[in-house]
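J.: Quick one: the structure is below, and I'll ask about it shortly.
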Amino acid sequence: MSIRSMTGFAQVKGQINGQLSFTLSLKSVNHRFLDLHFRMPSDSDDLEMKLRRRLKEKLARGHIELTLSLERGATENFSLNRELVGGYIQAFRAAAAEFNLAADPDLNVVLRIPGALESAVLPADGEVEPVVLAKMEEALAALNEMREEEGHGTERELRQRMAGVQRAREEVEKHRQATLRTYADKLKTRLQELIGSQMEPERILQEAALLVDRSDIQEELVRLNSHVKHFLGLLDEGGEVGKKLDFLLQEMNREANTLLSKTSGLAGEALKITESGLSMKADIEKAREQVQNLE
């Protein structure tokens, strides 16, 4: 399965009968989990449950807004819901009397109340659901097609960012030996200071061990290389890899920070390592921004 973005939009139209049609739209943006929101006509709870089930089957992550609107034909007859309209007018006049206001209800406002006008041609039981569910499949296919198209673009950029991380890692590797020599000189100077200060041998060994531990960045370079290969492997695999890619980028960022920390305060070629490390971190951060939008 291709890598998909969590951003997309799809809209389909359908006809229920000669007087009733509908528009179904799906809008998707990024979210840590699958977050479903529905805007549907009243008394459609059963249909909503079935639509919810279809979405969960086809989508893994994202904030999804589903909107279903019914459209009546121009020649369709409507009847007035006298109970609803009468109740509204009565409440309006009671409020006006209580607050001593001279006002009359606006008929245009009253007729916009949901349910104020009832269709003379209501769809038969079970007539709406199969048509809407069939169109739902069409909308989902269009949504995922758009999400996959955007996912392809994101994948290309992520591969470019990983190539940048690898180039920076290779540059750091070139200057690693020079950095080790700098550390060796620093260690020699430090040991001479400690010996001259008549410090206990155990303390001297502790200081030497600490400097040796901080002296080499080979472990970070190996792990960075492994993380990049794993990252590219997940891109090749495709599917729902957004969370895994985000985790790997966090690990890469941690290795880059450690690498920079180990070489801080050193002059000479160590400054070139700092420059490459900062370039590496920039590519990692840009990749994280992109990954946040992958399913």
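The values are calculated or read from the model by the stated rules, or taken from the named source; none is laboratory data. All of these numbers come straight from a predicted model, not from anything done at the bench. In this analysis, Cβ positions are derived from the backbone assuming ideal geometry, glycine residues included, and neighbour counts consider all displayed protein chains.
J.: Restricting the first residue to the range 163-179 and requiring it to be assigned by TED's automatic domain parsing to the domain that holds Ile273, which pairs with a second residue that is modelled with pLDDT under 85 and part of a helix (DSSP H, G or I) meet a Cβ separation below 6 Å and a spacing of at least six or different chains?
T.: These pairs meet every condition: Val172/Ile273; His175/Lys272; His175/Ile273; Thr179/Ala270.
J.: Then there is this: Just to be sure, is Arg82 in the same structural domain as Thr23 (by TED's automatic domain parsing) and at pLDDT 80 or above?
T.: So Arg82 does not fit the description; no.
J.: Another one. Quick test of your reading of the structure: Pro41 fulfils all but one of (1) within 21 Å of Met136 (Cβ to Cβ); (2) at pLDDT 90 or above; (3) not in a strand (DSSP E or B). Name the failing condition by number.
T.: (2)
J.: What number of residues within the range 105-141 are in contact with a Leu (Cβ under 8 Å, 6 or more places away or on another chain) and at pLDDT 85 or above?
T.: In the first step, residues of the range 105-141 are kept if they are in contact with a Leu (Cβ under 8 Å, 6 or more places away or on another chain); the result is 111, 113, 115-119, 121, 123, 128-129, 132-133, 135-136, 139-140.
After this cut, where a residue has to be at pLDDT 85 or above as well, the list is 129, 132-133, 135-136, 139-140.
Residues that pass the stated criteria total 7.
J.: How many residues does the range 47-73 hold that are closer than 17 Å to Phe22 by Cβ and either of a type in the set (A, V, I, L, M) or without any contact (Cβ under 8 Å) to a residue 60 or more places away in the chain (or both)?
T.: 12
J.: What is the one condition in (1) buried (at least 16 other Cβ atoms within 10 Å of the Cβ); (2) more than 21 Å from Glu148 (Cβ to Cβ); (3) of a type in the set (Gly, Ala, Ser) that Ala282 does not satisfy?
T.: (1)
J.: Quick one: how many residues across the range 133-162 are in contact with a strand residue (DSSP E or B) (Cβ under 6 Å, 6 or more places away or on another chain) and free of Cβ contacts under 8 Å to residues at least 12 places away in the same chain?
T.: 0
J.: Something else: Kindly list the number of the only condition in (1) of a type outside the set (Gly, Ala, Ser); (2) surrounded by fewer than 17 Cβ atoms within 10 Å (Cβ to Cβ); (3) in a helix (DSSP H, G or I); (4) modelled with pLDDT of 65 or more that fails for Arg203.
T.: Arg203 satisfies all of (1) of a type outside the set (Gly, Ala, Ser); (2) surrounded by fewer than 17 Cβ atoms within 10 Å (Cβ to Cβ); (3) in a helix (DSSP H, G or I); (4) modelled with pLDDT of 65 or more except (4).
J.: While we're looking at this one, here's another question. Output the number of residues of the range 28-65 satisfying the condition of being out of contact with any Asp or Glu (no Cβ under 7 Å at 6 or more places or on another chain), of a type in the set (Gly, Ala, Ser) and surrounded by 13 or more Cβ atoms within 10 Å (Cβ to Cβ).
T.: The total comes to 2.
J.: Take the residues in the range 2-11 that are part of a strand (DSSP E or B) and surrounded by 20 or more Cβ atoms within 10 Å (Cβ to Cβ); name whichever of them is farthest from the chain's Cα centre (by Cα).
T.: Among those residues, the one meeting the criterion is Gly8.
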